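Peer 1: I'd like to ask some things about the structure below.
The values are calculated or read from the model by the stated rules, or taken from the named source; none is laboratory data. Only a predicted model underlies this, so the values are computations on that prediction, with no experimental measurement involved. Neighbour counts run over all protein chains shown; Cβ positions are idealised from the backbone, glycine included.
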Amino acid sequence: MRDALKAGVVLAVAAMALSGCGSGGGGSSAPTAGAAGSYIFLPKSLDNPYWVDARKGMEDAATKLGVKAEFLGPPNENAAAQVSIFESALARHPLGIAVSPNDPGTVKDVISRARAAGIPVIAWDGPVPDSQVQGYIGTDNVAAGEREGEALAEAMGNKGKAAVVIGSLSAPNLKQRLQGLLTALGKAPDIKVVATEESGESVATAQDKAETILQSNPDLTGMAGIGGSDLPGIAGALKAGGRCGTVKAVGFDVVPQGIEGMRGGCVAALVSQKPFGMTAQAVKLLVDMHGGAATHPDGFSIDTGVVVVKPGDLEDFIAHAPH
């Protein structure tokens with residue numbers, strides 16, 4: 001299973017590298033292509049299938065609006081590498097920037113320099129608190145975490161022992177999801193959270209941590225993945241341990257590994273964000289800002305919402321999802 005998970009990630013990254021289209025976006029980790037006149041999107045990484053739909057949304061909107069947009073991120077989650085890419089992009093004086101930060105503290109200075117140069121900057125997918133970003137577009141992560149917690153409680157019959165695997169306890173968006181999850185589970189007093197482990201947003205590490213949790217808690221009946229790589233790792237651990245179905249698993253994003261896990265009976269619910277719609281709206285926002293036609297005041301926050309997908313909904317959701 002782990003080899004299959006890794007293969008899925010490799011294929012996703014390859015798809016990113018090959019999918020540059022009329023919007024002019026390259027998927028390399030170093031922003032060397034292109035010239036001034038681009039809108040730049042800075043994802044946390046390129047190794048998570050979640051970013052495939054995000055890039056497609058950017059490209060679709062850029063094509064429709066007749067502008068150039070580029071999707072530039074490190075191969076895997078690396079705050080220092082992201083800052084380096086951000087600085088290289090800033091040196092080209094792009095028309096606008098959307099950043100999904102690995103570590104919000106590391107990008108604040110570059111954001112300030114971009115704003116001082118008159119470049120619009122928004123946070124997308126993940127917030128940058130206490131910075132000069134002009135606004136945020138993406139998931140309301142507290143509300144999304146509550147939806148996940150509700151789905152887990154329902155799957156567990158509102159009782160039993162649960163565990164959490166989270167990409168990072170320092171990432172603001174993941175901390176907010178965890179907050180929402182715990183709030184929802186708190187409404188089911190017969191559910192006890194017995195373990196919380198960090199995965200570093202690695203599918204392999206998430207699987208290792210989930211396997212350790214399962215070994216230490218043979219009576220566990222629920223698991224929640226908070227980051228995009230966590231649920232695929234949990235599903236891998238459940239399959240390897242023969243625990244699919246007996247341990248109810250929920251997590252974020254309808255990506256290939258999550259779909260495979262749900263089809264195989266290892267996943268009870270997937271909380272789908274709207275990465276395609278996020279970036280599509282973000283391109284339009286940046287174009288409006290650059291052209292002086294922005295209608296949102298500084299400090300805006302746009303919640304793009306989530307959808308909870310269960311096994312009976314999966315095939316219809318896939319058939320109608322934007323891509």
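Peer 1: Out of region 200-246, which residues are modelled with pLDDT of 95 or more, in contact with a strand residue (DSSP E or B) (Cβ under 9 Å, 6 or more places away or on another chain) and in a loop (DSSP other than H, G, I, E, B)?
Peer 2: Asn217, Asp219, Ile226, Gly241, Arg243, Thr246
Peer 1: Evaluate region 116-136: report whether one residue or more is in a helix (DSSP H, G or I), within 19 Å of Gly225 (Cα to Cα) and under 17 Å from the mean Cα position of the chain (by Cα).
Peer 2: Let us first name the residues in region 116-136 that are in a helix (DSSP H, G or I), namely 116.
Okay, now just the ones that are also within 19 Å of Gly225 (Cα to Cα), so none.
No, every residue in region 116-136 fails to be in a helix (DSSP H, G or I), within 19 Å of Gly225 (Cα to Cα) and under 17 Å from the mean Cα position of the chain (by Cα).
Peer 1: Applying the selection to region 260-275, what residues are buried (at least 22 other Cβ atoms within 10 Å of the Cβ) and either hydrophobic (A, V, I, L, M, F, W, C) or in a helix (DSSP H, G or I) (or both)?
Peer 2: Gly261, Met262, Cys266, Val267, Ala268, Ala269, Leu270, Val271, Pro275
Peer 1: Mind checking which residues of region 73-104 are part of a loop (DSSP other than H, G, I, E, B) and farther than 18 Å from Gly138 by Cβ? Explain how you work it out, then say what you get.
Peer 2: First, the residues of region 73-104 that are part of a loop (DSSP other than H, G, I, E, B): 73-78, 92-95, 100-103.
Listed by number, the residues that qualify are Pro74, Pro75, Asn76, Asn78, Arg92, His93, Pro94, Leu95.
Peer 1: Further, regarding this structure: Considering only residues that are within 17 Å of Pro256 (Cβ to Cβ) and among the small types (Gly, Ala, Ser), look in region 270-323 and name the one that is modelled with the highest pLDDT.
Peer 2: Among them, the one singled out is Ser272.
Peer 1: Considering only residues that are farther than 17 Å from Leu270 by Cβ, assigned to a helix (DSSP H, G or I) and hydrophobic (A, V, I, L, M, F, W, C), which ones fall in region 163-199?
Peer 2: Leu178, Leu182, Leu185
Peer 1: Which residues, counting only those in region 155-179, are of a type in the set (Gly, Ala, Ser) and more than 23 Å from Pro311 (Cα to Cα)?
Peer 2: First, the residues of region 155-179 that are of a type in the set (Gly, Ala, Ser): 155, 157, 160, 162-163, 167-168, 170-171.
Gly167, Ser168, Ser170, Ala171, listed by residue number.
Peer 1: Considering region 304-313 alone, what residues qualify as being of a type outside the set (Ser, Thr, Tyr) and surrounded by 14 or more Cβ atoms within 10 Å (Cβ to Cβ)?
Peer 2: Within region 304-313, Gly305, Val306, Val307, Val308, Val309, Lys310, Asp313 meet the criteria.
Peer 1: Next question. So which residues in region 48-68 are of a type in the set (A, V, I, L, M) and under 10 Å from the mean Cα position of the chain (by Cα), if there are any at all? Outline the logic, then answer.
Peer 2: Start the filter on region 48-68 by keeping residues that are of a type in the set (A, V, I, L, M), which leaves 52, 54, 58, 61-62, 65, 67.
Hit for region 48-68 is Ala54, nothing else.
Okay, residues lined up against (1) in a helix (DSSP H, G or I); (2) touching a residue at least 40 places away in the same chain (Cβ under 8 Å); (3) among the basic types (Lys, Arg); (4) under 23 Å from Ile119 (Cα atoms):
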| residue | (1), (2), (3), (4) |
| --- | --- |
| Lys248 | no, yes, yes, no |
| Val254 | no, yes, no, no |
| Gln257 | yes, yes, no, no |
| Met289 | yes, yes, no, yes |
| Thr295 | no, no, no, yes |
| Asp298 | no, yes, no, yes |
| Ile302 | no, yes, no, yes |
